[in-house]
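Visitor: Input: one structure, supplied below.
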Amino acid sequence: MLDEAVKLEELVKKHTDWFRDSLPMIASENLLSPAAMKYLVSDLHNRYAEGLPGKRYYQGNIYVDEIERITTELAKKLFNVPYADVRPISGTNANQAVIFSLLKPGDVMTGPPLQGGAHISSAKFGAVGMRGVNKIEYPFDVDEMNLDVDLTAKLIKIVKPKVALFGRSVFLFPAPIKELRDALDEVGAKVWYDGAHVLGLIAGGQFQDPLHEGADVMTGSTHKTLPGPQRGIILGNPKGDEEQREKLWKKIQRGVFPGVISNHHLHHMAALAISLAEHIEFGRQYAEQIVKNAQTLAEELHSLGFKVLGEKNGFTKSHTVLVDVVAQGGGRKVAEDLEKANIICNYNLLPYDDPKKPRNPSGIRLGVQELTRLGMKEGEMKHVAELIKKVAMDGKIDEAREEVKEMKREFNRVRYCYQEDEAYRFLSSL
Ligand code: DSN
């Protein structure tokens, strides 16, 4: 074996052991269930499928077609919508498909600002800008930690976007779609909701339900609060009569294939099907606990002296907690110190930061969805807040790391799924 190959084995093992002994709190990650993970190493990995079931460009898709039909039906059932496309291979890829199908170069779209939590695919330097679309940003209200509804309604009426995007990657509170519905209808904008972060909360009935509040289409990644494989999804409930709905949906499906994907990674699709089924059975309970945990963490950090954003509205209604850590040395320093203590999160721009300086922002973003998946509840969240204080305020990094390892020993089993099991058993047996 080449030295590099031996080294790789060592690196994967070290990584796996490190995460087993850590508190992973990146708001966009989660753990796959054992039942879903087994499909990732099936023969499906080796195969190709292009197009839609029954309309393929390769032979060998007899069972793949059936798997895709089941996955699509489960997605429609979970979100209670008439349309689902389960082929995008990531959330960004799903966004690209919507951008390509609904927007042409020179078109105007509106969306949240980057420092207000927008995903990079909607930035001027991301997929939207690269498509030549003119993105105009909504005004953001820091006290509300949400869009400024009155100013946003005025903006929509003035710029008349072809597409109005809602949803964010730093997503504490529901987007005001209902409040903006009149303005959106007046200009005839298509409403696109990026639900990547909150997909599992929406499906679990714990967040707004955008496709029943006026959004035409929702994109998402399937590995955040919806704890499936790293993949994407597009769900639709377009406004209009049957013909208009079908027309829009066909356009979006052409955006997926041949627009932005060829093969759609069939092993991940089967893993998604199982994850959707698990969420139908366990998602409500899981989503409820996520929101309780995030609120407890935010309250505890606040009472320990941290500047937690969103105080006016109870800090958070999602899986995410956003903390201004300027007083503790800034986002970068705090995130790096936490990493040394095996608490993994990311430094993050806050709404009042300069978006041109993303490497030195004021905040950290904390997500509780993975810790919740491992069975942690409100009591553990209080302990996590104390550990964060120990690192960021008291500088006791080594002491905190030992405590994290000790705490984590009790929490390595994946919950809210068919076969609760050791999260790292498969990986560490590599
Ligand atoms: N940008 C990623 C995040 O929110 O962490 C999602 O793509």
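Visitor: For the stretch 72-112, what mean projected area does the convex hull of the alpha carbons give, in nm²?
Guide: The Cα convex hull of the stretch 72-112, projected and averaged over all directions, gives 4.0 nm².
Visitor: Then there's this: Given just the C-alpha atoms of the stretch 275-398, how large is their convex hull per residue in cubic angstrom?
Guide: 117
Visitor: As a test of the formula, what do you get for the chain when each DSSP H run with n ≥ 4 contributes -39,500 (n - 2.57) and the sum is divided by the residue count, at 222 nm and rounded to the nearest 500 deg cm²/dmol?
Guide: -13500 deg cm²/dmol
Visitor: Okay, next question. Which value results when the Cα radius of gyration for the chain is divided by 2.2 N^0.38 Å?
Guide: With N residues counted in the chain, Rg over 2.2 N^0.38 Å equals 0.98.
Visitor: Here's a follow-up. Give me the percent of the accessible area of the stretch 291-430 that comes from carbon and sulfur atoms, probe 1.4 Å, all protein chains in place.
Guide: 46
Visitor: Express in whole angstrom the spacing between the alpha-carbon centres of the stretch 309-366 and the stretch 367-430.
Guide: After rounding, the separation between the Cα centres reads 19 Å.
Visitor: If contacts are Cα pairs under 8 angstrom and at least 6 residues apart, what is the relative contact order of the chain in percent?
Guide: It comes to 23 percent, rounded to a whole number.
Visitor: For the stretch 1-108, which whole percent of the accessible surface, found with a 1.4 angstrom probe, sits on carbon and sulfur atoms?
Guide: 59
Visitor: According to the Cα gyration tensor, what semi-axes, each the square root of 5 times an eigenvalue, does the equivalent ellipsoid of the stretch 172-242 have, listed from largest to smallest in whole Å?
Guide: 23, 14, 9
Visitor: Here's something else I'd like to know. Considering only protein heavy atoms and a 1.4 Å probe, what is the carbon-and-sulfur percentage of the accessible area of the stretch 207-272?
Guide: 48
Visitor: Hey, can you find the accessible area per residue of the chain for me, probe 1.4 Å, expressed in square angstrom?
Guide: 43
Visitor: Hey, got the Cα dimensions of the stretch 44-120 along the principal axes, in Å, largest first?
Guide: Principal-axis extents of the Cα atoms in the stretch 44-120, largest first: 45, 29, 23 Å.
Visitor: Between D43 and K247, take the C-beta separation as r, use R0 = 45 Å, and let me know the FRET efficiency to the nearest 0.05.
Guide: The value I calculate is 0.75.
Visitor: Let me ask you something else. Reported to two decimal places, what Rg/Rh ratio describes the stretch 44-173 when computed on Cα atoms with Rh from the Kirkwood expression?
Guide: Rounded to two decimals, Rg over Rh is 1.07.
Visitor: Can you list the equivalent-ellipsoid semi-axes of the stretch 97-160, largest first and in whole Å, using the square root of 5 times each Cα gyration tensor eigenvalue?
Guide: Equivalent ellipsoid semi-axes, largest first: 22, 14, 8 Å.
Visitor: Another question, if that's okay. Would you please calculate the Kirkwood hydrodynamic radius of the stretch 362-413 over all C-alpha pairs and express it in Å, rounded to one decimal?
Guide: 11.8
Visitor: On to the next question. With N denoting the number of residues in the stretch 1-87, provide Rg(C-alpha) divided by 2.2 N^0.38 Å, to two decimal places.
Guide: Relative to the rule-of-thumb radius for its length, the stretch 1-87 sits at 1.53.
Visitor: Related question: Which residue, H319, H197, H212, has the most motion in a Gaussian network model of the chain that connects Cα atoms within less than 10 Å?
Guide: H212
Visitor: Do the alpha carbons of any pairs in K124/K247; K14/K357; K13/K408; K357/K396; K124/K356; K157/K247 sit beyond 21 Å of each other, and which pairs?
Guide: Distance filter (> 21 Å) returns K124/K247; K14/K357; K357/K396; K157/K247.
Visitor: A further question follows. According to a simple spin-label model (label point 7 Å from Cα along Cα-to-Cβ), what is the distance in nm between D3 and E73?
Guide: 5.6
Visitor: Largest first, how would D43, D182, D194 line up by accessible area (1.4 Å probe)?
Guide: Largest accessible area first, the residues go D182, D43, D194.
The values are calculated or read from the model by the stated rules, or taken from the named source; none is laboratory data. As the structure is a prediction and not an experimental result, all values here were calculated from the model. Methodologically, a virtual Cβ is constructed for each residue, glycine included, from the backbone with ideal geometry; neighbour enumeration extends over all protein chains shown. Surface accessibility is based on the protein's heavy atoms, side chains included, excluding ligands, DNA and RNA. Shrake-Rupley method; radii C 1.70, N 1.55, O 1.52, S 1.80 Å.
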